[in-house]
Every structure is written in structure tokens, then in C-alpha cells.
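The values are calculated or read from the model by the stated rules, or taken from the named source; none is laboratory data. This one's a predicted model, so the numbers in the text were calculated from it and none came from an experiment. Note that each Cβ is placed from the backbone with ideal geometry, even for glycine, and that neighbours are counted across all protein chains shown. In case anyone asks, the SASA skips ligands and DNA or RNA and just uses the protein heavy atoms, side chains included. Shrake-Rupley method; radii C 1.70, N 1.55, O 1.52, S 1.80 Å.
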Amino acid sequence: MTPHEEAASPVVLYVCADRARDVPGGATRRAQTEGRAYAQERGLAIAEVVTDTYGEPDPALRSGWRRVRQLAQTGHVAAVLVRWPSTIAPEPAHELRHREIVWLQDLGVSVRYTWAPLSSKGCEIR
């Protein structure tokens, strides 16, 4: 994919940070701000911001992650932006994270980490 094609491709920003559903807390706000800045710096268009409350380890059981999968499966996004790997599934359930990343890769959708220490290293999973 050329940089021009990448810039034209929409992405989804996925945030799973706070435990409270009603009012986004600091972690959700930080992840959204960071994700928007990451996209802007790289010329990426955020098609949708999808959020889930933190707590369920299996992403397939979260309504927000199911929306991310739907966007990927229908070809509406070229990448999923997340703050760090545990956003998809916590470390004790890392096999679930790998399952989802492989599923996205099979569709040609990459996963990008927006947290500065990971994004500055060019951490992207294709």
C-alpha cells in the first residue's frame, strides 16, 4: 500500500479503557485524544470511534469489538487503532488478542498502536 492510498483509507479507533459505561473517564479521554492525534499526524481518516467498557477479556463478547469486526469484514476500514495490545485482550488472555489480530490480518486490516512508546517504534501488525 502506498502512503497516498493509506491516507485515503479510513480507520476505526477502538477504545476499551474505563469500567463505567455512563461517563467516559480519564483513560477513555486520553485514549481518544491520543488516537485522534495519531491519525491526524499520519493523514488517516477516522471513520468511527468505537468504545467498550473494560472488564470482559474476550473481545468477541464485547458489543464494541463486534462493531470493529463488522467494519473490517465489510471493508469499511483498512486499520484498527488501539492504544496498546491489552486494549484488544488483557495479557492473561493474550491468545484471544492473537486470534483477533490474525482474523483482521486475514481480511487485510492492520492493527496499529497509538501509545507513543509503541507508535514511535513503528509497531503495526499487518
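The table below gives the values:
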{"item": "Residue, nearest to V11 (Cα to Cα), within the range 92-109, restricted to residues that are open to solvent by 30 Å² or more (accessible area, probe 1.4 Å) and among the acidic types (D, E)", "result": "D106"}
{"item": "Top-ranked residue of the range 86-101 - restricted to ones that are in a helix (DSSP H, G or I) and of a type in the set (G, A, S), ranked as nearest to C16 (Cα to Cα)", "result": "S86"}
{"item": "Leading residue by the ranking (modelled with the highest pLDDT) among those in the range 110-122 that are open to solvent by 40 Å² or more (accessible area, probe 1.4 Å) and assigned to a loop (DSSP other than H, G, I, E, B)", "result": "W115"}
{"item": "The range 57-85, residues that are in a loop (DSSP other than H, G, I, E, B), closer than 20 Å to T114 by Cβ and either out of contact with any Pro (no Cβ under 8 Å at 6 or more places or on another chain) or among the acidic types (D, E) (or both)", "result": "R62, R83, W84"}
{"item": "Of all residues in the range 39-53 being in contact with a helix residue (DSSP H, G or I) (Cβ under 8 Å, 6 or more places away or on another chain) and closer than 14 Å to S110 by Cβ, the one that is most open to solvent (accessible area, probe 1.4 Å)", "result": "R42"}
{"item": "Residue among R83, R69 that is open to solvent by 50 Å² or more (accessible area, probe 1.4 Å), touching a residue at least 24 places away in the same chain (Cβ under 8 Å) and under 14 Å from the mean Cα position of the chain (by Cα)", "result": "R69"}
{"item": "Filtered residues of the range 54-66 (kept if open to solvent by 40 Å² or more (accessible area, probe 1.4 Å) and in contact (Cβ under 8 Å) with a residue 12 or more places away in the chain)", "result": "Y54, G55, P57"}
